[in-house]
Amino acid sequence: MSVTHKSCRLIATILNKNCRSVNKSVFNRNRHVDISKEIYLQSRSIYTSTLLFKNISFKLSDIGEGIREVAVKEWFVKVGDKVSQFDNICEVQSDKASVTITSRYDGVITKLHYAIDETALVGKPLVDIETDSGDDTESSSDDEKVEKKTEEKIVKSVQQTSPSSYKKDICIPSVRRLAKEHSVDLSLINGSGKDGRILKEDVLNFLKSPELKADAAPSVPVHTPKTVQADRTVPVKGFQKAMVKTMTESLKIPDFVYSDEVAVTKLAQLRQAVKEECLKSGVKISYMPFFIKAASNGLLKYPVLNASVDSNCENITYKSSHNIGIAMDTKVGLAVPVIKNVQDLSVIEIAKELNRLMISGKEGTFSASDLTGGTFAISNIGVIGGTYTKPVILPPQVAIIALGTSRVLPRFDADMKVIPEEIICVSGAADHRVVDGVSMASFINLLKKQIENPYLLFLNL
Ligand code: COA
């Protein structure tokens with residue numbers, strides 16, 4: 001009789017485990033294989049169809065970075081859904097990044113172990129899948145083997161989907177974002193993608209639809225009585241949870257803050273002069289890449305600011321790489337992505353990397369590596385406002401600087417004439433157990449000198 005290669009493999013697995021006398025070589029032929037009726041009947045007599053379908057507990061594999069638990073943000077499947085290998089199962093969020101978990105099996109979902117926003121533990125079952133693979137439930141060694149392969153794309157999507165909006169509403173984060181920007185309810189759209197997935201074109205077509213225009217027609221304002229909103233309690237999670245941990249640790253550090261005015265008039269002129277040229281090369285250049293380079297040059301001279309200390313402050317490690325974390329206001333809150341090896345980068349290379357990280361921050365596509373390994377940090381809160389700042393150290397780092405907003409103020413020039421000067425207040429905070437005030441003051445002086453004479457940044461002195 002003729003059976004397919006897949007069936008043969010399946011029967012081989014079964015027979016191999018339970019009827020070791022059967023010679024596996026009969027299954028080695030290509031695609032279609034003849035096997036003897038006897039063996040076939042033997043296999044049928046050993047296994048009933050219920051044994052061919054195994055209910056597998058698909059465990060949450062190790063995501064790395066020491067992450068032990070994650071919050072389930074979105075299910076892409078529900079009980080009864082058929083899934084194939086690499087189909088998206090769910091999206092989970094740790095305190096470092098979001099991860100899309102994909103299936104390792106073909107089969108049917110029989111159980112979701114967590115509700116939205118519940119905490120899932122690494123190594124514990126995430127979903128149960130009924131599969132005809134013939135495999136037994138995952139063993140821990142299986143877990144380890146597949147862990148690396150486990151198909152996890154670091155993507156972000158913080159939108160919460162209600163459990164009822166399963167497959168039909170599945171769409172990629174950029175489409176959800178587009179819908180959100182235009183306040184479009186995705187449940188009103190019929191997706192034209194695979195399995196009814198909603199594509200960007202579907203949202204754009206929906207926006208063009210005449211019904212929507214009619215809906216959008218100006219209506220007579222109606223007075224609605226104000227209702228008092230109920231209080232809301234939400235769990236602290238994701239990046240916010242990371243912030244809780246880091247800031248609480250930071251409070252244990254006896255720090256000091258040193259501030260000074262830095263004139264950015266010449267830097268502003270330089271930036272203005274090169275801005276268009278940079279844009280033509282696809283790079284947006286702000287003050288930040290110059291400050292980042294100036295800080296790195298300062299760290300070369302004052303390496304204690306680029307050090308880390310262990311939790312009991314018994315050892316100081318002087319870091320050779322200048323991995324500068326940039327405090328960033330992202331869609332998911334405050335994140336500190338890291339520009340690695342700044343000491344080897346030019347201003348324009350720093351700008352490119354900053355641009356990339358800012359896009360990742362907007363789209364929520366930071367990788368775990370983007371968010372780890374920082375040795376020093378810069379926070380430009382001046383983009384938002386505020387003249388003076390007191391930055392908070394991110395342990396185990398020992399120093400951080402923050403920039404206030406730039407203001408044009410009257411100042412004296414060398415001839416004691418009053419001139420307009422564009423000024424940013426720079427504040428540096430340091431761990432006073434290992435950094436003394438002189439080191440920080442000297443570091444800020446050097447940074448100030450370079451920013452006020454930006455040609456120095458290109459001399460690699
Ligand atoms: N004062 C005034 N204007 C400033 C400024 C400052 N200190 N810093 C930047 N700007 C200007 C920029 O030049 C730019 O102007 P342009 O549009 O004319 O080119 C504009 O503000 C926007 O800058 P931005 O695109 O944000 O780039 P950036 O490289 O200066 O800053 C980030 C990048 C990531 C630091 C910034 O976007 C950000 O997220 N800041 C928030 C930092 C934060 O949250 N700190 C944590 C506090 S707890």
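Note down the Stokes-Einstein diffusion coefficient of region 392-446 in µm²/s, whole number, using a Kirkwood radius over alpha carbon pairs, 4 °C, and 1.567 mPa s. Intermediate results must be reported in sequence, preceding the final value.
On the way: Rh = 13.3 Å.
Rounded to a whole number, D works out at 98 µm²/s.
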Checklist line | Listed residue (346, 324, 313) projecting farthest to the positive dipole end of region 274-372, Cβ model | finding: 346
Margin query: Going by amide H atoms built from the backbone, whose H comes under 5 Å of the H on residue 330, apart from near neighbours?
Written below: 335
Notebook entry, point to check: What full-extension length gain, to one decimal in nm, is calculated for residue 407 and residue 275 as 0.36 nm per residue of separation minus the Cα-Cα distance?
Noted result: 45.5 nm
Notebook entry, point to check: What is the spin-label model distance, in nm, from residue 183 to residue 69 if the labels are put 7 Å beyond Cα along the C-beta direction?
Noted result: 3.8
Checklist line | Shape of region 238-296, Cα gyration tensor, a/c cut at 1.5 | finding: oblate
Item checked: Distant-in-sequence amide H partners of residue 376 (H built 1.01 Å from N, under 5 Å) -> 323, 325
Notebook entry, point to check: What FRET efficiency do you get for residue 456 and residue 316 if R0 is 22 Å and r is their Cβ-Cβ distance, rounded to the nearest 0.05?
Noted result: 0.15
Notebook entry, point to check: Name the residues of region 359-394 whose amide N is less than 15 Å from a point 7 angstrom out from the Cα of residue 284 along the C-beta direction?
Noted result: 359-364, 383-384
Item checked: Separation in nanometres of the label points that stand 7 Å from Cα toward Cβ, at residue 78 and residue 174 -> 2.9
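Where the only charges are on Cβ atoms (+1 Lys, Arg; -1 Asp, Glu), what is the dipole of region 273-371 about its Cα centre, to the nearest 20 debye? Don't jump to the answer; show the numbers that get you there.
Numbers: 11 positive and 10 negative charges, 56 e Å.
Taking the Cα centre of region 273-371 as origin, the dipole is about 280 debye.
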Check: Which residues in region 256-270 have a backbone N closer than 20 Å to a point placed 7 Å from the Cα of residue 388 along the Cα-to-Cβ line?
Finding: 256-264
Item checked: Theoretical FRET efficiency, 1/(1+(r/R0)^6), r = Cβ-Cβ of residue 244 and residue 223, R0 41 Å, to 0.05 -> 0.45
Margin query: Compute the distance from the alpha-carbon center of region 324-378 to that of region 245-291, in whole Å.
Written below: 13
Next item on the list: Collect residues whose amide H, placed 1.01 Å from N in the peptide plane, falls under 5 Å from the amide H of residue 102; neighbours closer than 5 in sequence don't count.
Entry: 89
Next item on the list: Just grab the label-to-label distance for residue 341 and residue 199, each label 7 Å out from Cα along the Cβ direction, in nm (one decimal).
Entry: 4.0
Item checked: Chain lengthening between residue 436 and residue 369 when straightened (0.36 nm per residue, less Cα-Cα) -> 21.0 nm
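Just so you know, all these numbers are worked out from the coordinates, no wet-lab data involved. Small disclaimer: the values here were computed from a predicted structure and weren't measured. So basically every Cβ, Gly included, is an ideal-geometry build from the backbone, and we count neighbours across all protein chains shown.
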